[in-house]
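Inspection log for the structure reproduced underneath, given as structure tokens.
Only the coordinates and a few stated rules stand behind these numbers; no lab work does. Every value quoted in this text rests on a predicted model; they were computed, and no experiment measured them. Please note: Cβ atoms are built from the backbone with ideal geometry, for glycine as well, and neighbour counts cover all protein chains shown.
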Amino acid sequence: MENPETREGLTPGWPYPDWLDRFAATMNPGLARVFRFMGLDEVEATGAGAELVDAAGRRFLDCSGGYGVFLHGYRHPRLVEAARRQLDHLAMSSRVLLNPRTIELAELLAEVTPGDLTYSFFTNSGTEAVEAALKFARAATGRTRLISTWGAFHGKSMGALAVSGRALYQEPFRPLIGDVTHVAYGSLDALEQELGDDVAAVILEPIQGEGGVIVPPDGYLAGARRLTEACGALLIADEVQTGLGRTGDLFAVNHEGVVPDLLCLSKSLSGGIVPVGAVVGRPGVWEFFNEAPLIHTSTFGGNPLATAVAAEAIRVVLDEDLVGAARRQGAWLLPALQDVARDYPTVLSTVRGRGLMIGMETASTGVGGALMSELFHRGVVAVYTYNNERVLRLLPPLVIRRDQLELVVDRLREAAAAVAAMHLEEVPDAAR
Ligand code: PLP
């Protein structure tokens, strides 16, 4: 009899012949076309460490890390065990009685986040964490204006989308929330010109992720902190992508000793097991909750299954020194990738980043897709950044081994050679 889970028996030796068609028929036909064009027609089956395994048993080194989710690698044993343990108690909370797992995560975050960041509000995703931070900033300051940066990515719910910096994702949904100003990322002059006593908050990624892995000039975050403080605006650090060690410090704001008023986390806080998000704030920001404790809530936010895993995810980062691993592996990987770029200038123009958050800028539009596809067919997963299609980002699990990174560099060299031979730089943009 046919097994409805695996469709085994439909085509011997090829158990999932039609998943992409089924995805197209019931979910997103447009995205299915892109997947087909890229040759991405396999389904995932399992994973361990930095390796993702598809249903046909092919193994990939996952250098996109689920867009930054798999900081601990796939199915880290301690995190799988934390989830299992919690399932024997309560996965969700009554929300009438207190849940110890949720409080423990808040305590741990208060301990590991910089300065006097103390209070946590839990969500289920990054965009919800940003949404909460924007609301809290308005409530705490009594001001409305929000300042963000071009190229920023903060999520796709109405508020987070309004402070993101790419028109393509915003236009069909206007009007978004109002009173938002965008300035050039990395420029303190641009920020200073817009700041005033009507500004509730400035929201910044310490390194722009989806904008193309843009590392700001030294002193930018510290300068933004000084300028916001001077006019009574809050500073929101969106560490949804950079948080928990990826950049070689537990939080990327630590590189400049900055304590933001609100810090957003998600992605890797899930341990790659259960979705979760958090916004952590300084005591002064939380005062408005005293007036109306239920003014912002989430049914599933802070559920014990997610928070039990998240707390263990933080402990794993500390116990296994994943922060040091990001620093050491990044220090080896970045120059190795830059060497490849030097050898294939028609394919790669620059490679930049910090720790294991690396962006490879391709030499022209169109090269990115070809390079991604060539890498994929050599067993390496690397994906575009949302707001800059010329940049392939590498966000490998921090548990990735040196021999695996050596393989990534070798495969990149082969892929770059294959793409260089296509002479895509000679194809006019309109023909691509
Ligand atoms: N903020 C940053 C910096 C992100 O990189 C992302 C997602 O890529 C988000 C927010 C949104 O997170 P989510 O997709 O979980 O809503």
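Numerical summary
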{"item": "Burial ordering of 395, 97, fewest other beta-carbon atoms within 10 Å first", "result": "97, 395"}
{"item": "Gained length - residue 144 relative to residue 193, 0.36 nm times residue gap less alpha-carbon distance", "result": "15.9 nm"}
{"item": "Choice from 264, 63, 231 with maximal GNM fluctuation in the chain (Cα, 10 Å cutoff)", "result": "231"}
{"item": "Scaled radius of gyration (Cα, divided by 2.2 N^0.38 Å) that the stretch 310-432 gives", "result": "1.13"}
{"item": "Virtual spin-label span in nm between residue 104 and residue 331, 7 Å along Cα→Cβ", "result": "3.4 nm"}
{"item": "Cβ-defined net charge surrounding residue 211, 10 Å radius [Lys, Arg +1; Asp, Glu -1]", "result": "-1"}
{"item": "Potential lengthening between residue 28 and residue 58 on full extension [0.36 nm per residue; Cα-Cα distance subtracted]", "result": "8.3 nm"}
{"item": "Contour excess over end-to-end distance, with Cα ends at residue 46 and residue 290 and 0.36 nm allotted per residue", "result": "83.3 nm"}
{"item": "Hydrodynamic radius (Kirkwood) for the chain, which is based on Cα pairs only, to one decimal in Å", "result": "22.6 Å"}
{"item": "Spacing of the two label points (7 Å from each Cα toward its C-beta) at residue 176 and residue 92, in nm", "result": "3.1 nm"}
{"item": "Mean separation of Cα contacts under 8 Å, 6 or more apart, over the residue count of the stretch 99-319: relative contact order %", "result": "28 percent"}
{"item": "Radius ratio Rg over Rh of the stretch 99-319, counting only Cα atoms, Kirkwood formula for Rh", "result": "0.94"}
